[in-house]
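One structure is given here, and the rest of the page talks about it.
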Amino acid sequence: MATKKTKKNSVKELFAEFPNMYEKAGKDEVADCMEYAEDYKAFLDICKTEREFVKNTIEAATEKGFVDIESKETLKAGDKVYASIKGKGLCLAVIGKTPVTEGINILGAHIDSPRLDLKPNPIYEDKEACYFKTHYYGGIKKYQWTTIPLAIHGSVFTKDGKQIDLCVGENDDDPIFYITDLLPHLGSEQMSKKANEFISGEDLNVVIGGIPLTDIEEKEAYKANILQYLFDNYGLVEKDFVSAEIEIVPQMKARDVGFDRAFIAAYGHDDKVCAYPAITALFEQERPNKTCVCLLTDKEEIGSYANSGAQSVLYENFMMELLAKTENSSFDLLKYRKAIANSKMLSADVSNAFDPKYASVSDSRNSAYMSHGIKLEKYVGSRGKSGTNEANGDFVAAITKIFAENSIPWQTGELGKVDAGGGGTISAYMAKHGMDVIDCGVPVWSMHAPYEVISKMDLYYTYLAYKSFIENI
């Protein structure tokens, strides 16, 4: 007969517990967490756009022995290859010991973030000031983008084939850029409007100048002065902006939050806070059992469209090339389809963290909490699970078993209450190929704001979770 103490302990084990890891982790784990966070912050500060993330990841991958897949006629276990997807997405792979036909272990994240893009004809003058016209990208609260320091990142492609890269606002001696707002003394009418109305998309105009060109007769002297500056410093004329990919992003650098530095505030956590752990987990693979792949996609914030988004066949072409070059350049479509059906993927994307200030939109029993580890989401979508992949139960069990065996803390939940809203990830586009996919990533406060917040502990354990997945599934 069991003792009362034994019975109490066994009953406790029946409950699901998701502890705060700052309470449970030892000093060495906390130190490792803090060190990993410093590397992440440094990388994030130089990778605010998808092109920058691809460029810097390729540089880091090259140092780890990765080469362009086009340079390899055949692939064998231990080979490390990559393929750039139009400079805005990236595929990386480490070839495993077992045949690709037995399946691939995939980490998939997106590297675009909400921002402001320039319109095709962006430069205009109004009442002795010069501005950029913008078109916001992704789901934003427009009022959050006023009165904060902004920077310009991107590339201009000229008619003579040149690519001119711009990055202005990040250095201490650079100017910054700015979107004005109305002073409260005159804002009573504005503040009586709904939050999604008092700043319109057409009002997100960025101040770029206020000195006229005075040495010539010019009707739009303030605009002329900016055009002259752009020509003198970058060789640009106004028509070049039609072919430009210029993004307006927050100028702020990643910073610790709180006296105890438990959190990180930064632009672009969604979804670079999952992409970075994915690439660092892959970089540690030398000769894995199964081929390991990291897919970094573009355009997720607007539906994963275009030839750099997750719906593009270019990512599938990379997977086909892996099969062909490990099979001595032979390729069979049915064999490829079966290989993908045998594959497993973590859709590495952020989710909301429970915020007690806004508890009414969340189910507290089915929410992720800061510093409790990686969040597993069996499904996302909105309302009646619209637009979501839903992971099969046996796959969920396989993932949690791996996490348990590798002491990876995890939690679960949904994206808010059932009828409160919702969202999607790239998982649905990958699952349609037949592979098992589940969404899992870092919980975030203030998601899609210009400055989001994550827990260092969640970041660190997400890296360990991704590493344990590709090594053990």
In the set ALA281, ALA324, which member is of a type outside the set (S, T, N, Q), without any contact (Cβ under 8 Å) to a residue 12 or more places away in the chain and assigned to a helix (DSSP H, G or I)?
-> ALA324
When restricted to SER308, SER312, the only residue touching a Gly at 6+ places or on another chain (Cβ under 7 Å), closer than 16 Å to TYR429 by Cα, open to solvent by less than 30 Å² (accessible area, probe 1.4 Å) and of a type outside the set (D, E, K, R) is SER308
If we keep just the residues of the range 376-416 that are closer than 20 Å to TYR460 by Cα and among the aromatic types (Phe, Trp, Tyr), which is most open to solvent (accessible area, probe 1.4 Å)?
-> TRP410
Could you tell me which residue of the range 329-354 is surrounded by the fewest Cβ atoms within 10 Å (Cβ to Cβ), considering only residues that are touching a Ser or Thr at 6+ places or on another chain (Cβ under 6 Å) and in a loop (DSSP other than H, G, I, E, B)?
-> PHE354
For the range 390-406, state whether one or more residues are more than 29 Å from MET320 (Cα to Cα), modelled with pLDDT of 95 or more and not in a helix (DSSP H, G or I).
-> yes
Those residues of the range 373-389 which are in a loop (DSSP other than H, G, I, E, B) and among the charged types (D, E, K, R) amount to LYS378, ARG383, LYS385
Restricting attention to the range 23-73, the residues that are open to solvent by less than 70 Å² (accessible area, probe 1.4 Å) and more than 30 Å from ARG287 (Cα to Cα) number exactly 5
Near pairs, Cβ below 6 angstrom, 6+ apart or cross-chain, from the range 195-206 (under 17 Å from ILE148 (Cα atoms)) to any residue that is part of a loop (DSSP other than H, G, I, E, B) | LEU204/ILE179; VAL206/ILE179
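Is the range 297-304 home to any residue that is open to solvent by 40 Å² or more (accessible area, probe 1.4 Å) and out of contact with any helix residue (DSSP H, G or I) (no Cβ under 6 Å at 6 or more places or on another chain)?
The answer is yes, given that some residue of the range 297-304 is open to solvent by 40 Å² or more (accessible area, probe 1.4 Å) and out of contact with any helix residue (DSSP H, G or I) (no Cβ under 6 Å at 6 or more places or on another chain).
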Taking the range 49-76 and keeping residues in contact with a helix residue (DSSP H, G or I) (Cβ under 9 Å, 6 or more places away or on another chain) and in contact (Cβ under 8 Å) with a residue 60 or more places away in the chain leaves PHE53, THR57, ALA60, ALA61, LYS64, ILE69, LYS72, GLU73, THR74, LEU75, LYS76
Enumerate the pairs (first residue in the range 216-243 and without any contact (Cβ under 8 Å) to a residue 24 or more places away in the chain; second residue anywhere and open to solvent by 40 Å² or more (accessible area, probe 1.4 Å) and assigned to a helix (DSSP H, G or I)) with beta-carbon separation below 7 Å, excluding pairs fewer than 6 apart on the same chain, so at least 6 apart or on different chains.
-> VAL237/PHE231
How about the range 147-163: which of its residues are open to solvent by 10 Å² or more (accessible area, probe 1.4 Å) and at pLDDT 95 or above?
-> THR147, ILE148, PRO149, ILE152, GLY154
Pairs under 9 Å by beta carbon, first residue without any contact (Cβ under 8 Å) to a residue 24 or more places away in the chain in the range 114-125, partner open to solvent by less than 50 Å² (accessible area, probe 1.4 Å), six or more apart or different chains?
-> LYS119/PHE132; LYS119/LYS133; LYS119/THR134; LYS119/PHE241
Please enumerate the residues belonging to the range 5-22 that are open to solvent by less than 60 Å² (accessible area, probe 1.4 Å) and out of contact with any helix residue (DSSP H, G or I) (no Cβ under 9 Å at 6 or more places or on another chain).
-> SER10, PRO19
Regarding ILE438, is this residue in contact (Cβ under 8 Å) with a residue 24 or more places away in the chain and touching a Lys or Arg at 6+ places or on another chain (Cβ under 7 Å)?
-> yes
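The values are calculated or read from the model by the stated rules, or taken from the named source; none is laboratory data. Given the structure is predicted, the values throughout are model-derived calculations rather than measurements. Don't worry about glycine lacking a Cβ; one is built from the backbone with ideal geometry, like all the others, and counts go over all protein chains shown. The area values use the complete protein model at the heavy-atom level, side chains included, leaving out ligands, DNA and RNA. Shrake-Rupley method; radii C 1.70, N 1.55, O 1.52, S 1.80 Å.
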